[in-house]
Each structure stands twice: as C-alpha cells, then as structure tokens.
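I have placed the structure first, in the form of structure tokens, so that the comments after it can refer back to it.
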C-alpha cells in the first residue's frame, strides 16, 4: 500500500516495535514503523479484541493509537521516530 520514495533519506534509527529491535528510516512516524515491521495492527478494540490499523495517517481518525515509550493512547501517525523509541501495540 505504501512505497518508499527513491529520494528518501538513507539514514536509519533503531527502535523497538512490539519488543523487537528494528531499523526504520529517520523521519518515519511510529505508525509507519508499525506498518513496516508489525503487520499493521497498532491496537485492538476493547469490544471484540480485533486488530485495528492506521487509516488516515494524518491525525484525524485515531485508528493509530498505540503505546509509545510506555505512554498509552499516542497517535502514532503524528510522532516521528527517534533512536531508542519503544513502540507497542495497544490492547483495548
């Protein structure tokens, strides 16, 4: 669905996505890192437990809520990754 543009920055940062250390391009959002390395679902619904994934990628839909550095309910599409960041799927 998303493709890296050829002129993207070659620099990367190391972040942890759901407990796994991964490299992502500098300038990516936490939601993009999750899509790239964790199969998409950034949270589960509190009702059914079904996985949900980012939709608008611009802060409107709130489907990208995730836990970032231990803080829940962060809009991952608005947070730029930084070295050592911990990104986790949010349950409920």
Review point. Of 57, 34, 66, which has the largest mean-square fluctuation in a 10 Å C-alpha GNM of the chain?
Key: 57
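Using Stokes-Einstein with the Kirkwood hydrodynamic radius over Cα pairs, what translational diffusion coefficient do you get for the chain at 10 °C and a viscosity of 1.306 mPa s, in µm²/s rounded to a whole number?
Diffusion coefficient, whole number: 122 µm²/s.
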Review point. Given only helices, namely DSSP H runs of n ≥ 4 each adding -39500 (n - 2.57), what is the per-residue ellipticity at 222 nm of the chain, to the nearest 500 deg cm²/dmol?
Key: -2500 deg cm²/dmol
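Rule-based calculations on the coordinates, nothing more; no lab input. Given the structure is predicted, the values throughout are model-derived calculations rather than measurements.
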